Amino acid sequence: MRCPFCKTDRDKVVDSRGSEAGAVIRRRRECLECGRRYTTYERVEEIPLRVIKKDGTREPFERRKVFEGMVKACEKRPVSTEMLDRIVQSIERSLADVVDREVTSRQIGEMVMLQLRDLDQVAYVRFASVYRAFKDINQFLEELRPLLERRARGNDED
């Protein structure tokens, strides 16, 4: 490690501790040349997650895209941005377990739809209609049928 003050690479670690829930190690160092102290952070370098698009191209996973898609689906709905952020975090945690570091856009879309279905049915239908790109009304009705059946069962139980 190079001292940010005198640029020498002779130092000693005077303190180490974990931070960010153990994902990072914070180290206090003292330069053996100039005697000044500085802090460094050490973390595991992760292989970035890549998304395989419908056309077969690959691009880096972007949290922002998932979030913005859900924001559009939830427009004028009683859903807070905090709730959407929690959903995106949940999806990211699930994707962190992907071994080969590649996931299809379809898998991400399905994860979003599962979350929206339980959160807000209107937002779910909006997202599904764009995501699934229904060719006709029959495909759209097939998507709605399970929601309508669930709703009918819920009303029967009251």
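Just so it is clear, none of the values below were taken in a lab; they were calculated from the coordinates. Note that the structure is a prediction, hence the values are computed from the model and not measured. Heads up, the Cβs are rebuilt from the backbone with ideal geometry, glycines too, and the neighbour counts pull from every protein chain shown.
The figures follow:
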| item | result |
| --- | --- |
| Asp55/Arg153 FRET efficiency (R0 35 Å; Cβ-Cβ; nearest 0.05) | 0.35 |
| At most 12 other Cβ within 10 Å, DSSP loop - GluC sites (Glu not before Pro), region 48-120 | Glu62, Glu75 |
| Shape call, region 1-78: gyration tensor on alpha carbons, a/c limit 1.5 | prolate |
| Arg86-Lys65 FRET efficiency (beta carbon distance; Förster radius 25 Å; 0.05 resolution) | 0.90 |
| Rounded tilt (10° steps) of 81-96 against the dominant C-alpha axis of the chain | 70 |
| Arg77 versus Gln139: modelled label distance in nm, points set 7 Å from Cα along the beta carbon direction | 2.0 |
| Neighbourhood charge, 11 Å Cβ-Cβ cut-off, centred on Thr104 and excluding it, Lys, Arg +1 and Asp, Glu -1 | +3 |
| √(5λ) per eigenvalue of the Cα gyration tensor, the chain, largest first, Å | 48, 18, 13 |
| Among Thr57, Thr40, Thr81: highest mean-square fluctuation, GNM of the chain, C-alpha pairs under 10 Å | Thr40 |
| FRET efficiency for Ser129 and Glu46, using Cβ-Cβ distance with R0 set to 25 Å, rounded to 0.05 | 0.15 |
| Folded to 0 to 90 degrees: helix 137-156 orientation relative to the chain principal axis, Cα | 90 |
| Angle in degrees between helix 63-73 and the longest Cα principal axis of the chain, rounded to the nearest 10 | 30 |
